[in-house]
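A short write-up of the structure that comes next.
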Amino acid sequence: MAFRLKLVPQDTKIDFFRWQFLTFGISSAMIVLSVVFLVMFGLNFGIDFKGGTTIRTESTQEVDVGAYREALQPLGLGDVAISQVFDPTFGPDQNVAQVRISAQDGVESVTPETINAVEAALKEVDSSITFPSVESVGPKVSGELINTAIYAVLASLAAISVYIWLRFEWQFSIGAIVSLVHDVVITMGVFALFQIKFDLATVAALLTIVGYSINDTVVVFDRLRENLMKYKKRALRDVMNLSVNETLSRTVMTSGTTLVALIALLVLGGDVIRGFVFAITFGIVIGTYSSIYVAKNVVLWLGVKRDWSKKDPKEAAFPGAEAP
């Protein structure tokens, strides 16, 4: 006898519109708070967007941020940010820190002489310190990267909007775009609130979130279109509930299995990819929520036509299904 794992019962009858005003209020509040966080705190741009140099240090001794800062003060480097890096994968004698030197006015990048001076000054504080990596990005390049990142996200949203419009109807396109903007804005708001580093890898994560979320939304929309042709006399709300219930098992299974891998990466993957993995992990959670509670709600409020198919309703019905 074969064993089949079922995370969701075969025939669910959940009313996803029962709390539609509550979920709408929660989504609206999260978007407003995200915008407030973005305005108040801003994003913690990485070197990719801000320009400057990041020096990663590693030592067998404990990191003393105050001593590091005091050692670098005579060099007159301007804005220098020093932070200790914590990671459960580090050993007991692995103490890691990051020294971020902002781009200097009129200078494309920090010179090798300055980097050598920084390393020498830190070695005076801790003779066992090493410097595994040094990353530098000029202010001109970082400005171009910001513009390119914005264009990439906007272009993806525009392309998806056209695709949904052509495949379904304009109401579905608006619902999908509202859902995607909801996901991206809230994810960026979380990054602003917790000051998680926002770099090119995070932009790649946002684009991944957009693709994952729209894939889930299209699955629901496709089933909705089939059911609209099949049950022409049912209320739109009932057909939407039926469609989400029919695709719920697929949604939970896909999101759940993806999250298992992502959580493992989040815990064990190290701090280098933590921002990227966190963005995708949070994005999948919020994207699954928006596919169920945001996209279809917008379509319900806008309304949709019911004459996609000229077939006889009895011919369109699946075997065993009730006639519309």
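Considering only protein heavy atoms and a probe of 1.4 Å, how much of the accessible area of the chain is carbon and sulfur, as a whole percent?
Of all accessible area on the chain, carbon and sulfur atoms account for 63 percent.
Residue farthest toward the positive end of the dipole of the chain, with Cβ of Lys/Arg at +1 and Asp/Glu at -1: which of 227, 193, 149?
Farthest along the dipole direction, towards plus: 227.
Treat each spin label as a single point 7 Å out from the Cα along the C-beta direction, and report the residue 261 to residue 26 distance in nm.
So the label points at residue 261 and residue 26 sit 2.7 nm apart.
Just to confirm my numbers, what's the Cα centroid distance between region 29-85 and region 177-238 in Å?
So the separation of the two Cα centres works out to 32 Å.
Please get the size of the charge dipole for region 185-293, origin at its Cα centre, with Cβ charges of +1 on Lys and Arg and -1 on Asp and Glu, quoted in debye to the nearest 20.
500
Among 282-294, 147-159, what's the highest-first ranking by average C-beta atoms within 10 angstrom per residue?
Going by the mean number of other Cβ atoms within 10 Å, highest first, we get 282-294, 147-159.
Compute the FRET efficiency between residue 222 and residue 65 as 1/(1 + (r/R0)^6), taking r as their Cβ-Cβ distance and R0 = 45 Å, and round to the nearest 0.05.
0.25
If you fit an axis through the alpha-carbon atoms of helix 170-194 and take the longest principal axis of the Cα set of the chain, what angle between them do you get, 0 to 90°, nearest 10?
30
Which ³J(HN,Hα) values, rounded to whole Hz and listed in residue order, are derived for region 31-40 from phi using the Karplus coefficients 6.51, -1.76 and 1.60 in 6.51 cos²θ - 1.76 cosθ + 1.60 with θ = phi - 60°, glycine and proline given as x?
3J(HN,Hα) across region 31-40, in whole Hz: 5, 4, 5, 4, 5, 4, 4, 5, 6, 6.
Relative to the longest principal axis of the chain, what angle (0 to 90°, nearest 10) does the C-alpha long axis of helix 139-167 take?
Helix 139-167 and the main axis of the chain meet at about 10 degrees.
Ignoring everything except DSSP H segments at least 4 long, calculate the 222 nm mean residue ellipticity for the chain; use -39,500 (n - 2.57) per segment, divide by total residues, nearest 500.
-20500 deg cm²/dmol
I'd like the antiparallel share, as a percent to the nearest 5, of DSSP beta bridges with both residues in the chain.
90
Take the Cβ-Cβ distance between residue 119 and residue 195 as r, set R0 to 22 Å, and report the resulting FRET efficiency rounded to the nearest 0.05.
After rounding to 0.05, the efficiency reads 0.25.
Taking 7 Å along the Cα-to-C-beta vector as the label spot, tell me the residue 159-residue 204 distance in nanometres, rounded to one decimal.
Going from the residue 159 label point to the residue 204 one covers 1.7 nm.
Over the C-alpha atoms of the chain, what are the Rg and the largest Cα-to-Cα span, Dmax, in Å?
25.4, 84
Give the relative contact order (percent, whole number) for the chain; include only Cα pairs under 8 Å separated by 6+ residues.
It comes to 25 percent, rounded to a whole number.
So, for the chain, what is the accessible surface per residue at a probe of 1.4 Å, expressed in square angstrom?
Result: 53 Å² per residue.
Report the FRET efficiency, 1/(1 + (r/R0)^6), for residue 151 and residue 215, where r is their Cβ-Cβ distance and R0 is 25 Å, rounded to 0.05.
0.65
Could you list the GluC sites (Glu not before Pro) in region 51-89 that lie in coil according to DSSP, counting only those with at most 10 other Cβ atoms within 10 Å of their Cβ?
The qualifying sites are 62.
For residue 246, project a label point 7 Å along Cα to C-beta. Then give me every residue of region 164-185 with its amide nitrogen under 19 Å of that point.
Answer for this model: 167-169, 172.
Across region 221-236, in residue order, what do the Karplus-derived ³J(HN,Hα) couplings come to in whole Hz, using 6.51 cos²θ - 1.76 cosθ + 1.60 with θ = phi - 60° and x for Gly and Pro?
4, 5, 5, 4, 4, 4, 6, 5, 6, 8, 10, 6, 9, 6, 5, 4
The values are calculated or read from the model by the stated rules, or taken from the named source; none is laboratory data. Computed from a prediction, not measured in an experiment: that's the story for all the values here. Note that each Cβ is placed from the backbone with ideal geometry, even for glycine, and that neighbours are counted across all protein chains shown. The area values use the complete protein model at the heavy-atom level, side chains included, leaving out ligands, DNA and RNA. Shrake-Rupley method; radii C 1.70, N 1.55, O 1.52, S 1.80 Å.
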